[in-house]
C-alpha cells in the first residue's frame, strides 16, 4: 500500500515537471520569435497613439495655442492667420480662432482662389447650445456623424455672386465647451467664365482629403 502511494506521488511529480518543462520551452520559443519579429507585438497590443501619429503627413507644422486651447497640424505651405476667421454670426458673439489658408500654388491653372480658401478653427465662448446654426445662418445639409472617435454636427452651405462660388462645410464638435467648430471654406470662380481649355476645375476631392487630415489632427487642450 505504502509502495503504491509512493509510486503515485513520483508519477504526479514527474507529470508536473514535464508540464513545467513544456511551458518553459514554449515561453522561450515565443520570446525568441518576438525578439526576431518585433512587429508581432502589434497583434496583441493596440497602440492608438502610434496609429494616429502614423497617419499625419511628414513635415507638417504644429499650431499650438494656449489662448485658444487647441493644438492642430497643417501643411507647411499653408498660411496660419489668427486675424481672419470667417464667421459672420461669430463676429457678434465674441468669436476667436485661426484660419489656415491654402498657398497660391494650389490655384495655378484652375478656378480656385487662395485669398480665403482654407480650414479654420472657430470658437464661440458665449454660445449654448453648440450647434451648426451657431456658425451658419442656413444650411443646405445638416447631419450628425462620428469620425475618428469624435462626434460632429456637420452643416453644409453654398452661395454665389458676381461669378464667384462659395461653399462651406462646418463641423461643430459635439459637447465642446466653449463651442468649437472646424470650417472648410472653398472660394472658386465660375469655370464657364473662362475660354475653353484655359482653366481647369480645381481638384475638390484632393483638397477635401487634405482638409480632413487637418481636422483629424485637432486636439482641444483646454
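The values are calculated or read from the model by the stated rules, or taken from the named source; none is laboratory data. In this text, all values refer to a predicted model and were calculated from it rather than measured experimentally. Note that each Cβ is placed from the backbone with ideal geometry, even for glycine, and that neighbours are counted across all protein chains shown.
Hey, can you tell me all the residues within the range 70-95 that are modelled with pLDDT of 95 or more and either surrounded by fewer than 18 Cβ atoms within 10 Å (Cβ to Cβ) or not assigned by TED's automatic domain parsing to the domain that holds residue 191 (or both)? I'd like the intermediate steps shown before the answer.
As a first pass, look at the range 70-95 and keep what is modelled with pLDDT of 95 or more: 70-80.
Selection gives 71, 75, 76, 77, 79, 80.
Restricted to strands (runs of 3 or more DSSP E) entirely inside the range 118-209, those with at least 2 residues that are free of Cβ contacts under 8 Å to residues at least 12 places away in the same chain are 141-147, 150-161.
It is to be established whether one or more residues within the range 212-219 are assigned to a strand (DSSP E or B), under 29 Å from residue 104 (Cα atoms) and at pLDDT 95 or above. I'd like the intermediate steps shown before the answer.
Step one: filter the range 212-219 for residues assigned to a strand (DSSP E or B), giving 219.
Add one more test, that the residue is under 29 Å from residue 104 (Cα atoms), and what stays is 219.
Going one step further and asking which of them are at pLDDT 95 or above, we end up with 219.
Among the residues of the range 212-219, at least one is assigned to a strand (DSSP E or B), under 29 Å from residue 104 (Cα atoms) and at pLDDT 95 or above, which makes the answer yes.
Applying the set (1) touching a strand residue (DSSP E or B) at 6+ places or on another chain (Cβ under 9 Å); (2) modelled with pLDDT of 95 or more; (3) part of a loop (DSSP other than H, G, I, E, B) to residue 98 leaves exactly one unmet item: (3). Among the residues of the range 106-149, those that are closer than 13 Å to residue 169 by Cβ, at pLDDT 90 or above and surrounded by fewer than 15 Cβ atoms within 10 Å (Cβ to Cβ) comprise 143, 145, 147.
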